[in-house]
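Notes follow the structure.
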């Protein structure tokens, strides 16, 4: 085998190696597939648990309150399963569509933290804007404007009273 042929073979091998390295690195940054909803801010794609970055949704067992009747100066509230509703709204939104998630990092439970999309719709943003989740300000202020809009419009959990999900989790553990 000539020196030139060996050099070409080596360069070709190096190129293939680099392409596979780049492809495997980018596959860690993007997760694509059918998603299974775990709760209002967590999904699973191909056995990879993904926590939606920058948001926090009410927990499955969490209850919120909203007015169901106002009479003169009296108002009557009722509790409702806001955590279950948040989970169901995410299921309805995903609805067997292909979901594309851009991984931002990992959380302390080794879940991928990601911003996920159904087509061009940012799922994280949609959940906050529609009052099914809040901006997780401790970790990111990315969805703060969506939260302010939902709060001003009194939609979703902003229709009544609720405990922030992180406070609810802390209080349940006591």
Read through the list (1) in contact with a helix residue (DSSP H, G or I) (Cβ under 9 Å, 6 or more places away or on another chain); (2) assigned to a helix (DSSP H, G or I); (3) touching a residue at least 24 places away in the same chain (Cβ under 8 Å), then give the number of the only condition that residue 91 fails.
(1)
I need the full set of residues from segment 116-155 which are under 17 Å from residue 101 (Cβ atoms), touching a strand residue (DSSP E or B) at 6+ places or on another chain (Cβ under 8 Å) and without any contact (Cβ under 8 Å) to a residue 12 or more places away in the chain, in order please.
122
Tally of residues being modelled with pLDDT of 95 or more and outside any strand (DSSP E or B) across segment 61-75
3
Could you tell me which of the residues 103, 128 is over 14 Å from residue 86 (Cβ atoms), surrounded by 14 or more Cβ atoms within 10 Å (Cβ to Cβ) and either at pLDDT 95 or above or touching a helix residue (DSSP H, G or I) at 6+ places or on another chain (Cβ under 7 Å) (or both)?
103
Number of the condition not met by residue 78 [criteria: (1) outside any helix (DSSP H, G or I); (2) without any contact (Cβ under 8 Å) to a residue 60 or more places away in the chain; (3) within 20 Å of residue 37 (Cα to Cα)]
(3)
Report the residue count in segment 39-52 for those that are surrounded by 15 or more Cβ atoms within 10 Å (Cβ to Cβ), touching a strand residue (DSSP E or B) at 6+ places or on another chain (Cβ under 6 Å) and free of Cβ contacts under 8 Å to residues at least 60 places away in the same chain.
2
Determine which single condition residue 108 fails, assuming it passes every other condition in (1) without any contact (Cβ under 8 Å) to a residue 24 or more places away in the chain; (2) surrounded by 13 or more Cβ atoms within 10 Å (Cβ to Cβ).
(2)
Pairs under 9 Å by beta carbon, first residue farther than 21 Å from residue 94 by Cβ in segment 24-36, partner part of a strand (DSSP E or B) and modelled with pLDDT of 95 or more, six or more apart or different chains?
28/103; 28/112
So which of 143, 139 ends up being under 14 Å from the mean Cα position of the chain (by Cα) and crowded, with 22+ Cβ neighbours inside 10 Å?
143
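The values are calculated or read from the model by the stated rules, or taken from the named source; none is laboratory data. Since the model is a prediction, treat every value here as computed from it, not as a measurement. Here the Cβ is made from the backbone with ideal geometry for all residues, glycine too, and neighbour counts use every protein chain on show.
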